[in-house]
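Each remark here refers to the structure printed beneath this line.
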Amino acid sequence: MNRFTLLIKAILLDREAFRTLAESPKTNRIGMLLVVLLGAAYGLFSVQANNAYVSSFESPLLRDFVVPVIFIIFGIITIILTRFAFTLLLWAGARGFGGAGLLRVQYRLSIIILVPSFLAMPTLIGMQAGYPISAIHLALLAAGIAWMYVLGVRAMEATQSFRGFRSYGSVLAIFIFFACIYYLVIPPAS
C-alpha cells in the first residue's frame, strides 16, 4: 500500500495506518510535503486576512509577489515550529501517561495530526486580525480541533498501546497545554 493511501486512511482514523506510518522512515517525506502544503495554506490565509496591508504597497511586484511569498514562507516556518512543539507535547503526553514516547514516532505522526488544522486556520487567523467570527467559522474551528483530538487519540492508541482514559487523557492534557502556549504566544486581538 502506498504512503498516500496510508495517509488518507490515517486521516480517516485507521489505527493500522497510524501504526504503519509511525514505523516507516518514508513517512518523513510525506511529512515535509504536508508541512509545505499546510504552511502555504497558512500563509495564503494570512495574506487574505491582511489584504489591506498587502494592497497598500504601490509596487505591483511587492503587492502581487514579494509580500505574499513572505507570508507563505512565514506560514511554512510557523507550521514547522508548530510541528516541533506538537511533537514534544505528544512525547510528554505519552511519557506522562506511562508510554514509551519515542520521539521519532511522535515526530512522524505529529504532522498527520495537524492536517485538520486546515479547517481551523481561517478562524484563528481571523481572530488574530480582529475580524468578526461567524457561526460557520466557529463550526470549522470546532470540527478542526475535534478531528485533531481524535487523530491524536488514534495515534496514542496505535503507537503507545493506550486505551480508554490513558489515550483520551494524554491527548486532552496535550491540547490544554498547547492552547495555553498558543494563547501566550499569540494573544487575541483587542
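Across the options 88, 69, 120, the greatest Cα extent toward the positive end of the charge dipole of the chain (unit charges at beta carbon of Lys, Arg, Asp, Glu) belongs to 88.
About the centre of its Cα atoms, segment 3-185 shows a dipole size close to 680 debye [charges on the beta carbon of Lys, Arg (+1) and Asp, Glu (-1) only; nearest 20 debye].
Loop-resident chymotrypsin sites (Phe, Trp or Tyr not before Pro) (DSSP state other than H, G, I, E or B) in segment 36-95 with no more than 15 further Cβ atoms inside 10 Å of their Cβ: 57.
By definition, a body whose alpha carbon gyration tensor gives a ≥ b ≥ c is oblate when a/c is 1.5 or more and a/b is not larger than b/c, and segment 61-149 fits this oblate description. Contact order for the chain, expressed relative to its length and based on alpha carbon pairs under 8 Å spaced 6+ residues apart, stands at 26 percent.
When 14, 64 are compared by accessible surface with a 1.4 Å probe, the order from highest to lowest is 64, 14. Starting from the Cα gyration tensor of segment 3-185, take the square roots of the eigenvalues, sort them a ≥ b ≥ c, and report rounded, prolate or oblate (rounded when a/c is under 1.5, otherwise prolate if a/b is larger than b/c, else oblate). Since a/c reaches 1.5 and a/b is larger than b/c, the shape of segment 3-185 is classed as prolate. Which FRET efficiency value, to the nearest 0.05, do you get for residue 64 and residue 128 by plugging their Cβ-Cβ distance into 1/(1 + (r/R0)^6) with R0 = 25 Å? With a Förster radius of 25 Å, E is 0.60.
At the residue level, residue 62 shows approximately 60 square angstrom of accessible surface with a 1.4 angstrom probe and all protein chains present.
The values are calculated or read from the model by the stated rules, or taken from the named source; none is laboratory data. Because the structure is a prediction, the values reported are computed rather than measured. Backbone-built Cβ (ideal geometry, glycine too); neighbour counts: all protein chains shown. Areas reflect the complete protein model, heavy atoms only, side chains present, ligands, DNA and RNA absent. Shrake-Rupley method; radii C 1.70, N 1.55, O 1.52, S 1.80 Å.
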